[in-house]
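All remarks here apply to the structure that follows.
The values are calculated or read from the model by the stated rules, or taken from the named source; none is laboratory data. In this text, all values refer to a predicted model and were calculated from it rather than measured experimentally. Every residue, glycine as well, gets a Cβ built from its backbone with ideal geometry; the counts of neighbours run over all protein chains shown. Accessible surface areas use protein heavy atoms only, side chains included; no ligands, DNA or RNA. Shrake-Rupley method; radii C 1.70, N 1.55, O 1.52, S 1.80 Å.
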Amino acid sequence: MLGPLRQARFLRPSWAPSWAPRPPFCAQQGWWGRSVSSGGSSSSTANPERMGTCAELGCGPSALSGHSKSGDVLGLTNEKKTLSGNVKPPVVVPGDEFATNLQSAEMMLSERRFGEAWGFSTRALLVHSSGRGRRIKPWERAICYLLRAEALLDMGAPRRALTELHPAKELLERGRQGWPTEALKRIEEADARYHARKEENDQQRIEKENAKVPVTVITGFLGSGKTTLLNRILREQHGKRIAVIENEFGEVGIDSMLVEQAERTTETIVEMNNGCICCTLRGDFIEGMQKVLKDVRARGSHLDSVFIETTGLADPSPIASTFFLDPFMQENYRLDSILGVCDAKHLLSQLEAKREKSCVNEASEQVAFSDRLLLTKTDLCSEMEINGVLQHLKRLNPFAQVLPLNLKDVETPLPVEQLCDVKAFSLDKALDFDATFLEEDDHTHDGTIQALGVKLNGVLHQEKLNVFFAAVLKRYPKEMYRMKGILDVKGIPERYIFHAVNCHFGGMPQGSWPTEERQSKAVFIGKGIDHAWLVEGLRNCFVDPKEGFLESNVKSAHE
Ligand SMILES: Nc1nc2c(ncn2[C@@H]2O[C@H](COP(=O)(O)OP(=O)(O)OP(=O)(O)O)[C@@H](O)[C@H]2O)c(=O)[nH]1
């Protein structure tokens, strides 16, 4: 039985037997039903359609990706049997081997026996190429390809169908004189079906993509404002449910303590501070992403967005490729954009900083790979400085939209709609930027950049701290990239938060301690720093150095 679609497209004449092919090929109209005297060799003109179609290269409909496992359902065996002559042609046109095969192919197609249809059409094309029998007209050859295209469309493979439709249309383009109207109509119909089916498939793909949770990867050099941005996003009234992945250096997690979990917006915060997700923690990262989804679903909740805050020295590219290489990530998450946060005050010096041989400058890699750039700390710069940085950013990444912002200005609402679910990441663009984007990653980092993590139990003395930090900034004005911490300072009931990016130091009491226990934490990231000197200096900052207890560890920034 013909399906309703095929019935509508190919009306049989009432007189035709049940197996009869479609009207354009029926004997009554005399195209290939009649015995055509073998007029010598076939057309000797070049056959551009001869090369490259699947059947001629030996692969039939079963070669469709995704269908190959069910080859027998689609008739792989039957296609082979037909090709080797083990299936008798159901239609025989005496003295016309080409018509016999083509009409048989038509009949098989009308019965949705795709393997046999493919096999017979290949045989018809082989008759033509071998030059046996009568001269085959271009439109007849076109029909061989056309019926394959129709078979593939019936199987729901419009893109593959196009490779068969193409030679049919090419033959038509070389001259349509003498082509039966029905053949022309049939090509037109197949073309329209191809477009409709392709659109339908594209639509389905878009819907599937849209159902995935969008993920924004926040990249940006040390101290550029990533955590500040995240806090602003979590505090905004945007009605979105957000999960956060925090990745930072060393075992002393500070950012996760600084991210303010706003009940209204925050689903979960996952902390990863045992290494860098762009290098050593890739497996943990995927596990973390699995856990996020599992927990949210177990709570009967949902996620509108995930933000990943990477370390200030991370290369965003290997993190991005995980979304395409890992099956779980591919199925559940959509990489929405790489959001690069740039510090207007320090970016130019960060871009100029030298790295070990064969190691990239992270700041420049982060800018170049971003889809959107957020230029922070504009409040600390003159208009001329801002314009200088903007020009530099344009040179490094001409495609990214740049958004200048003062993240400290909480009065001006954050344009959240420009930051998440913006569909800015493109795999094509990433591959243009780096052809090895989806290959095994082998990036290297400058191992001489190290992070000292310190935990301090005991109250600290404000004056002693002032002296200590002044000494650090004096000794390492360029080498100390970043200092940050949460301190228990005598006389200050709240947590004392300090930040330093290069020589810019700032600190203030902020937020109460979550528990009775007040453990101070600090991280120092830099190149060529004397860590023993730092530890000793900090030990001297306790109100009572004999009572204070200090733990520290040094790690290369990507361990
Ligand atoms: N004046 C000003 N300060 C800012 C702005 N954005 C961030 N900061 C400050 O810059 C310092 C570093 O900000 P963070 O948000 O911690 O930077 P980060 O990128 O998360 O730092 P790392 O995670 O250590 O790489 C903090 O003291 C922020 O308050 C801004 O737009 N203007």
Acidic (Asp, Glu), crowded, with 24+ Cβ neighbours inside 10 Å and at pLDDT 95 or above: does that describe Glu140? no
Note on the stretch 409-425: residues at pLDDT 90 or above and within 14 Å of the chain's Cα centre (by Cα) are Val422, Lys423, Ala424, Phe425
I'd like to know if the stretch 215-232 contains one or more residues that are within 18 Å of Ile269 (Cβ to Cβ) and away from the ligand (no atom under 16 Å from the Cβ). yes
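Would you be able to tell me the number of residues in the stretch 143-166 that are in a helix (DSSP H, G or I) and open to solvent by 20 Å² or more (accessible area, probe 1.4 Å)? Break it down stepwise before answering.
The first filter runs over the stretch 143-166 and keeps only residues in a helix (DSSP H, G or I), leaving 143-154, 158-166.
Those still in the list that are open to solvent by 20 Å² or more (accessible area, probe 1.4 Å) too: 154, 159-160, 162-163, 166.
Number satisfying all stated conditions: 6.
Restricting to the stretch 167-177, name every residue that is surrounded by fewer than 17 Cβ atoms within 10 Å (Cβ to Cβ) and in a helix (DSSP H, G or I).
Those that are surrounded by fewer than 17 Cβ atoms within 10 Å (Cβ to Cβ) and in a helix (DSSP H, G or I): Glu170, Glu173.
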Of the numbered conditions (1) open to solvent by less than 10 Å² (accessible area, probe 1.4 Å); (2) within 35 Å of the chain's Cα centre (by Cα), His128 satisfies every one except a single condition; which is it? (2)
Out of all the residues in the stretch 366-378, is one or more more than 25 Å from Phe425 (Cα to Cα), touching a strand residue (DSSP E or B) at 6+ places or on another chain (Cβ under 7 Å), hydrophobic (A, V, I, L, M, F, W, C) and not in a strand (DSSP E or B)? no
Just for the stretch 370-388: of the residues that are within 29 Å of the chain's Cα centre (by Cα) and open to solvent by less than 30 Å² (accessible area, probe 1.4 Å), which one is farthest from the ligand (Cβ to nearest atom)? Asp371
Considering only residues of the stretch 449-506 that are out of contact with any His (no Cβ under 7 Å at 6 or more places or on another chain), closer than 25 Å to Glu356 by Cβ and of a type in the set (Lys, Arg), which is farthest from the ligand (Cβ to nearest atom)? Arg475
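Could you pull out every one of the strands (runs of 3 or more DSSP E) wholly within the stretch 483-542 that has 2 or more residues that are open to solvent by less than 20 Å² (accessible area, probe 1.4 Å)? Don't jump to the end; show me each part of the working.
On the way: elements: 496-501, 504-509, 519-527.
The qualifying strands (runs of 3 or more DSSP E) are 496-501, 519-527.
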Residue, most open to solvent (accessible area, probe 1.4 Å), within the stretch 294-310, restricted to residues that are under 16 Å from Thr216 (Cβ atoms) and not aromatic (Phe, Trp, Tyr): Asp304
Qualifying positions in the stretch 356-365 - in a helix (DSSP H, G or I) and either within 24 Å of Glu417 (Cβ to Cβ) or open to solvent by 20 Å² or more (accessible area, probe 1.4 Å) (or both): Ser364, Glu365
Would a scan of the stretch 155-166 turn up a residue that is touching a residue at least 60 places away in the same chain (Cβ under 8 Å) and touching a Leu at 6+ places or on another chain (Cβ under 6 Å)? yes
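Considering only residues of the stretch 227-238 that are out of contact with any Cys (no Cβ under 9 Å at 6 or more places or on another chain) and assigned to a helix (DSSP H, G or I), which is most open to solvent (accessible area, probe 1.4 Å)?
The qualifying residue most open to solvent (accessible area, probe 1.4 Å) is Arg235.
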Does the stretch 447-465 contain at least one residue that is more than 16 Å from Ala522 (Cβ to Cβ) and modelled with pLDDT under 85? yes
Inside the stretch 290-330, can you point out the residues that are closer than 20 Å to Glu207 by Cα and either free of Cβ contacts under 8 Å to residues at least 60 places away in the same chain or of a type in the set (Phe, Trp, Tyr) (or both)? Phe323, Phe324, Pro327, Phe328, Met329, Gln330
Restrict the check to the stretch 178-191 and report whether at least one residue is open to solvent by 60 Å² or more (accessible area, probe 1.4 Å) and part of a loop (DSSP other than H, G, I, E, B). yes
Please go through (1) open to solvent by 10 Å² or more (accessible area, probe 1.4 Å); (2) part of a loop (DSSP other than H, G, I, E, B); (3) modelled with pLDDT of 90 or more for Ser224 and return the number of the only condition it doesn't satisfy. (1)
Can you pull out the residues in the stretch 403-432 that are open to solvent by 40 Å² or more (accessible area, probe 1.4 Å) and within 15 Å of the ligand (Cβ to nearest atom)? Pro404, Asn406, Lys408, Asp409, Val410, Glu411, Thr412, Pro413
More than 14 Å from the ligand (Cβ to nearest atom), in a loop (DSSP other than H, G, I, E, B), at pLDDT below 95 and open to solvent by less than 90 Å² (accessible area, probe 1.4 Å), is that true of Ala435? yes
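Would you mention how many residues in the stretch 239-255 are assigned to a strand (DSSP E or B) and either near the ligand (Cβ under 9 Å from one of its atoms) or under 23 Å from Ala363 (Cα atoms) (or both)?
4
Looking only at residues in the stretch 444-474 that are assigned to a loop (DSSP other than H, G, I, E, B) and buried (at least 17 other Cβ atoms within 10 Å of the Cβ), which one is farthest from the chain's Cα centre (by Cα)?
Per the stated criteria, the residue is His461.
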Residue match in the stretch 336-355 (condition: part of a strand (DSSP E or B), crowded, with 16+ Cβ neighbours inside 10 Å, in contact with a Lys or Arg (Cβ under 6 Å, 6 or more places away or on another chain) and polar (S, T, N, Q)): yes
